[in-house]
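The values are calculated or read from the model by the stated rules, or taken from the named source; none is laboratory data. Note that the structure is predicted; figures quoted are calculated from it, not measured. So basically every Cβ, Gly included, is an ideal-geometry build from the backbone, and we count neighbours across all protein chains shown.
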Amino acid sequence: MGEIMNKYNKLLITGMAILMSATASLETISTINVYASDDTKTVKKLSPNSDYPNIKSKFDITNMSQYSDNDLFGTVTLNKFYVKDVGADSMKQYHVLLTPTKHSSQYFLLVTKSKKKIRLHNKLTAQVALNGSSKINDAQINSGISESYSDKHVILTMPDKIAVYHK
């Protein structure tokens, strides 16, 4: 329960920072950088549970753009999502672009310091806190995510635990 309260505190602080910058232009707000949580745990297997229900039970994951940023908060499990693209930055954080299926164009961004290597086309299960939406920006492109994803709508996540499944 302590881990969940830590994540909610981080979400509250993030939300407050966004509210405080409400007078800033929308362009400035859309370029907020995402940083990995220092306490993300890499485990062998994860399953949805009462603290992290399957995202499919809370949202229509085929069309996440229908939800406002106010709706996109809370903890969920991204169950066996597909690694569409991946990059790594100078702080040794993976920037992982996930989709619910191989051919989906609904993107989720996860930034983590995984102990297990994350590769293109892997499947990944993550227990995350949703953190609103944004667009793929220069920070993600500079980490190695393909420029073809630039300005694509993405759901932001803050991972608590991840499990990577290699082919």
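Looking at (1) farther than 17 Å from residue 80 by Cβ; (2) in contact with an Asp or Glu (Cβ under 6 Å, 6 or more places away or on another chain), which is the only condition residue 97 fails?
Result: residue 97 fails condition (1) only.
Go through region 53-83 and count every residue that is part of a loop (DSSP other than H, G, I, E, B) and not aromatic (Phe, Trp, Tyr).
Step one: of region 53-83, the residues part of a loop (DSSP other than H, G, I, E, B) are 53, 58-63, 67-72.
Remaining after also requiring not aromatic (Phe, Trp, Tyr): 53, 58, 60-63, 68-72.
Of the residues in that region, 11 qualify.
Could you list, ordered by first residue, the pairs with Cβ atoms under 7 Å in which the first is in region 38-57 and more than 26 Å from residue 117 (Cβ to Cβ) and modelled with pLDDT of 80 or more and the second is surrounded by 13 or more Cβ atoms within 10 Å (Cβ to Cβ) and among the hydrophobic types (A, V, I, L, M, F, W, C), at least 6 apart or interchain?
If the second residue must be surrounded by 13 or more Cβ atoms within 10 Å (Cβ to Cβ) and among the hydrophobic types (A, V, I, L, M, F, W, C), the pairs left are 51/4; 53/76.
When you go through (1) buried (at least 20 other Cβ atoms within 10 Å of the Cβ); (2) over 18 Å from residue 45 (Cα atoms); (3) among the β-branched types (Val, Ile, Thr); (4) at pLDDT 95 or above one by one for residue 111, which number turns out not to apply?
(4)
Enumerate the pairs (first residue in region 148-167 and touching a residue at least 12 places away in the same chain (Cβ under 8 Å) and buried (at least 17 other Cβ atoms within 10 Å of the Cβ); second residue anywhere and hydrophobic (A, V, I, L, M, F, W, C) and part of a helix (DSSP H, G or I)) with beta-carbon separation below 7 Å, excluding pairs fewer than 6 apart on the same chain, so at least 6 apart or on different chains.
Correct list of pairs: 155/64.
Does residue 93 satisfy the condition of being of a type outside the set (A, V, I, L, M), farther than 25 Å from residue 65 by Cβ and at pLDDT below 95?
So residue 93 fits the description; yes.
Looking at (1) among the aliphatic types (A, V, I, L, M); (2) closer than 15 Å to residue 61 by Cβ; (3) in contact with an Asp or Glu (Cβ under 6 Å, 6 or more places away or on another chain), which is the only condition residue 145 fails?
(2)
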